[in-house]
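*Asks:* Below is the structure I would like to discuss, written out as structure tokens.
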Amino acid sequence: MTAEMRTGPGARHADFRGIDPAALNQLVRQVKDADNAIKSWLNGHRPPPGVSSAGYRQADQVAQWAADQLGMLTRRYNYAITHPDQGGGVDTPPAPPSPGTGTPDPGKPRNGSTPAPPAPPPLRPHHKKTVPRGAGDLGGFPDRQAALKAAKTDALAVAGALQDRRPIPGSVWKHLKANADDPDYTEKLYERLGPAGVAGLVEAANGDKAKLKAIQEALGMASHHLAMDVKWLRALLAEADRTGTRPLVVQLLTGADVTQKTRDAMAKLGLHPRPQSA
């Protein structure tokens, strides 16, 4: 494996980083299936009394390892599909020509023979498009579980502040600004807040442009995994009516880089998202 990594596509370019989302998704499913199969076997084959449990413990360790990898792999996949390369993908760097296979110089005979005609350009092999995000930097959290845990903590802090009519802690705003483009953090934060909590968050921003920008960016990112359907959006608008922030909420929604599915839901409510800049 190590030798393959050193001699594979990445070895052709020192700065090459890329993920094939479809292939990674398949790997995640395979790891999940393996983890479930191992756990199912372990649950149905407890070692009987008096029999060594060494093999059982080893299998359990393998299951734990698979579960640990899932958090990291899922996070890489989520980053890959929510941060597409603006250039349409990153081509796997082409392999360098083998020694002696370069294009001959037509004006330079070889071994006194007739000058060779120029070689035709090599056929370009099909390259899968990869994306750079997820291959290296994973944001502020090492895996999906860590991001979800942080989001749950911040959601509880927001809910408590709104209920007690206290200012939202500065640490929450700091986290939101830093992780507004994090697919796992934003998904769980807005899932736990719900439409009412999101409307309360908008009101609590008190017109602060930096805070509102973070809320808007997080809305777009969360829409990739959170079901912002007609029901969810209608509840958000109803709460915004109650707090007197509907115009601002509509502005944030229509300006957010949400998924097409969310845009379709918005259109059913008479909201027309502004075109996103390329």
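The values are calculated or read from the model by the stated rules, or taken from the named source; none is laboratory data. Everything numeric in this text was worked out from a predicted model, so none of it was measured. Reconstructed Cβ throughout: ideal geometry from the backbone, glycine too, with neighbour counts over all protein chains shown. Surface accessibility is based on the protein's heavy atoms, side chains included, excluding ligands, DNA and RNA. Shrake-Rupley method; radii C 1.70, N 1.55, O 1.52, S 1.80 Å.
*Asks:* In region 164-178, how many residues are assigned to a helix (DSSP H, G or I) and either at pLDDT below 95 or in contact with a Leu (Cβ under 8 Å, 6 or more places away or on another chain) (or both)? Steps first, please.
*Replies:* Keep residues of region 164-178 that are assigned to a helix (DSSP H, G or I), which gives 170-178.
Okay, now just the ones that are also either at pLDDT below 95 or in contact with a Leu (Cβ under 8 Å, 6 or more places away or on another chain) (or both), so 176.
Counting residues in region 164-178 that are assigned to a helix (DSSP H, G or I) and either at pLDDT below 95 or in contact with a Leu (Cβ under 8 Å, 6 or more places away or on another chain) (or both) gives 1.
*Asks:* Also, I was wondering about something else. In the list Ala214, Ala235, which residue meets the criterion of being of a type outside the set (Ser, Thr, Tyr), more than 23 Å from the chain's Cα centre (by Cα), assigned to a helix (DSSP H, G or I) and under 17 Å from Tyr190 (Cα atoms)?
*Replies:* Details: Ala214 fails: more than 23 Å from the chain's Cα centre (by Cα).
Checking each option against the conditions leaves just Ala235.
*Asks:* Then there is this: When you scan region 206-214, do you find a residue that is acidic (Asp, Glu) and over 25 Å from Ala80 (Cα atoms), even just one? Quick ask: steps written out before the conclusion?
*Replies:* Let us first name the residues in region 206-214 that are acidic (Asp, Glu), namely 208.
Those left that are additionally over 25 Å from Ala80 (Cα atoms): 208.
Yes, the conditions are met somewhere in region 206-214.
*Asks:* All but one of (1) hydroxyl-bearing (Ser, Thr, Tyr); (2) modelled with pLDDT of 95 or more; (3) surrounded by fewer than 17 Cβ atoms within 10 Å (Cβ to Cβ) hold for Thr245; state the number of the condition that does not hold.
*Replies:* Result: Thr245 passes all but (3).
*Asks:* A further question on this structure: Can you say whether Lys213 is loosely packed, with under 15 Cβ neighbours inside 10 Å and either at pLDDT 95 or above or touching a His at 6+ places or on another chain (Cβ under 6 Å) (or both), as far as the supplied structure shows?
*Replies:* Working: loosely packed, with under 15 Cβ neighbours inside 10 Å: no; either at pLDDT 95 or above or touching a His at 6+ places or on another chain (Cβ under 6 Å) (or both): yes.
In short, no.
*Asks:* OK, next. Out of the residues in region 248-278 that are open to solvent by 100 Å² or more (accessible area, probe 1.4 Å) and charged (D, E, K, R), which is nearest to Lys209 (Cα to Cα)?
*Replies:* So, considering only residues that are open to solvent by 100 Å² or more (accessible area, probe 1.4 Å) and charged (D, E, K, R), the one nearest to Lys209 (Cα to Cα) is Arg274.
*Asks:* Further, regarding this structure: Report, by residue number, each residue of region 128-163 that is among the hydroxyl-bearing types (Ser, Thr, Tyr) and at pLDDT 95 or above. Talk me through it step by step, then tell me what you get.
*Replies:* As a first pass, look at region 128-163 and keep what is among the hydroxyl-bearing types (Ser, Thr, Tyr): 130, 153.
Across region 128-163, the qualifying residue is only Thr153.
*Asks:* A further question on this structure: Could you count how many residues in region 52-63 are closer than 13 Å to Leu42 by Cβ and surrounded by fewer than 13 Cβ atoms within 10 Å (Cβ to Cβ)?
*Replies:* Going through region 52-63 one residue at a time, the tally reaches 5.
*Asks:* From the list Gly200, Gly207, which residue is out of contact with any Pro (no Cβ under 9 Å at 6 or more places or on another chain), outside any helix (DSSP H, G or I) and among the small types (Gly, Ala, Ser)? Outline the logic, then answer.
*Replies:* Working: Gly200 fails: outside any helix (DSSP H, G or I).
From the options Gly200, Gly207, the qualifying one is Gly207.
*Asks:* For the condition modelled with pLDDT under 95, under 23 Å from Met266 (Cβ atoms) and buried (at least 19 other Cβ atoms within 10 Å of the Cβ), what is the one hit in Pro183, Pro195? Let's see the steps before the verdict.
*Replies:* Values: Pro195 fails: modelled with pLDDT under 95.
Only one candidate qualifies: Pro183.
*Asks:* A follow-up question, please. When both residues are 6+ apart or on different chains and their Cβ atoms are under 7 Å apart, which pairs have a first residue that lies in region 221-233 and is in contact (Cβ under 8 Å) with a residue 24 or more places away in the chain, and a second that is among the charged types (D, E, K, R) and in a helix (DSSP H, G or I)?
*Replies:* Matching pairs, first to second residue: Ala222/Glu187; His225/Glu187; Leu226/Glu187; Leu226/Glu191; Val230/Lys268.
*Asks:* Any residue in region 264-278 that is within 18 Å of Gln216 (Cβ to Cβ) and part of a loop (DSSP other than H, G, I, E, B) sitting within a Cβ distance under 6 Å of a residue that is among the charged types (D, E, K, R) and at pLDDT 75 or above? List the pairs, counting only those 6 or more apart or interchain.
*Replies:* Qualifying pairs under 6 Å: Pro273/Arg263; Gln276/Asp257.
*Asks:* Would you list the helices (runs of 4 or more DSSP H) that sit entirely within region 1-107 and hold 3 or more residues that are at pLDDT 80 or above? Steps first, answer last, please.
*Replies:* Values: elements: 2-7, 21-44, 54-82.
Result: 21-44, 54-82.
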